């Protein structure tokens with residue numbers, strides 16, 4: 001089970017490419033001021049050096065809010081910056097190897113069907129990501145939208161905490177939680193908001209009523 005428990009209802013993802021002209025750290029501050037307790041840093045197009053520099057900038061800010069930082073894909077960056085964990089895709093470092101390296105950290109894995117979810121659970125993932133729920137414009141996954149019914153199947157298939165991801169917005173997050181997701185990963189709906197802090201507050205308020 002993950003070392004944060006229960007899994008927060010919101011799993012915010014910050015991608016510098018979607019921050020527009022705003023400094024990523026300024027956007028992160030707003031997300032944290034809104035109440036997010038878990039944030040993933042995703043920076044696929046940054047060099048390793050720039051990715052690490054950004055992660056090191058994020059870590060103390062996260063700590064000051066009592067929130068946890070997950071690094072997307074890169075175990076080396078997670079270790080070098082002292083992040084709380086790493087999130088792996090199906091083609092990234094194998095889960096077993098990542099867990100050996102991140103012995104005191106959280107390791108999550110992206111899954112796209114019940115079979116992958118069960119395999120991640122058997123291999124010892126702390127949580128699974130599942131999607132894309134509704135399709136997404138922020139990441140090319142190679143998978144079609146999975147939808148609510150398959151999320152319910154995955155919820156039945158595994159006991160691990162589930163983070164649903166892919167096209168989830170303030171308007172659709174309720175049905176994702178109701179279908180069995182412990183947390184909802186939201187990217188563009190937060191990063192494209194004029195006031196990310198207020199957007200996060202509204203989403204978390206929905207979670208309290210779900």
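Residue by residue, here is whether (1) assigned to a helix (DSSP H, G or I); (2) within 15 Å of residue 12 (Cα to Cα) holds:
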position	(1), (2)
149	yes, no
159	no, no
184	no, yes
193	no, yes
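The set of residues in the stretch 129-150 that are at pLDDT 95 or above, surrounded by fewer than 23 Cβ atoms within 10 Å (Cβ to Cβ) and touching a helix residue (DSSP H, G or I) at 6+ places or on another chain (Cβ under 7 Å) contains only 148. Here residue 191 clears all of (1) surrounded by fewer than 23 Cβ atoms within 10 Å (Cβ to Cβ); (2) out of contact with any strand residue (DSSP E or B) (no Cβ under 6 Å at 6 or more places or on another chain) except the condition numbered (1). Only one of the numbered conditions (1) in contact (Cβ under 8 Å) with a residue 40 or more places away in the chain; (2) farther than 18 Å from residue 11 by Cβ is violated by residue 64, and that is (1). Residues of the stretch 98-117 being farther than 15 Å from residue 157 by Cα and either part of a loop (DSSP other than H, G, I, E, B) or without any contact (Cβ under 8 Å) to a residue 12 or more places away in the chain (or both), which ones? Matches in the stretch 98-117: 100, 102, 103, 104, 105. In summary, residue 120 fulfils each of the numbered conditions (1) in a loop (DSSP other than H, G, I, E, B); (2) more than 20 Å from residue 18 (Cβ to Cβ); (3) in contact with a strand residue (DSSP E or B) (Cβ under 6 Å, 6 or more places away or on another chain) with the single exception of condition (1). For the stretch 13-33, the condition of being on the phi > 0 side of the Ramachandran plot, assigned to a loop (DSSP other than H, G, I, E, B) and surrounded by 14 or more Cβ atoms within 10 Å (Cβ to Cβ) holds for none of the residues. Quick check: is even one residue across the stretch 99-119 under 21 Å from residue 14 (Cα atoms) and surrounded by fewer than 17 Cβ atoms within 10 Å (Cβ to Cβ)? For the stretch 99-119, residues under 21 Å from residue 14 (Cα atoms) and surrounded by fewer than 17 Cβ atoms within 10 Å (Cβ to Cβ): absent. Considering the stretch 34-59 alone, what residues qualify as being assigned to a loop (DSSP other than H, G, I, E, B), over 24 Å from residue 172 (Cβ atoms) and either modelled with pLDDT of 95 or more or more than 17 Å from the chain's Cα centre (by Cα) (or both)? Within the stretch 34-59, 43, 45, 46, 47 meet the criteria.
Limited to the stretch 195-210, what total is found for residues that are in a helix (DSSP H, G or I) and in contact with a helix residue (DSSP H, G or I) (Cβ under 7 Å, 6 or more places away or on another chain)? Residues that pass the stated criteria total 7.
Looking across the stretch 38-68, the residues that are within 15 Å of residue 187 (Cα to Cα) and surrounded by 16 or more Cβ atoms within 10 Å (Cβ to Cβ) come down to 38, 39, 40, 41, 42, 43.
The values are calculated or read from the model by the stated rules, or taken from the named source; none is laboratory data. Please read all numbers here as calculations on a predicted model, not as lab measurements. Cβ sites come from the backbone with ideal geometry, for glycine too, and all protein chains shown count toward neighbours.
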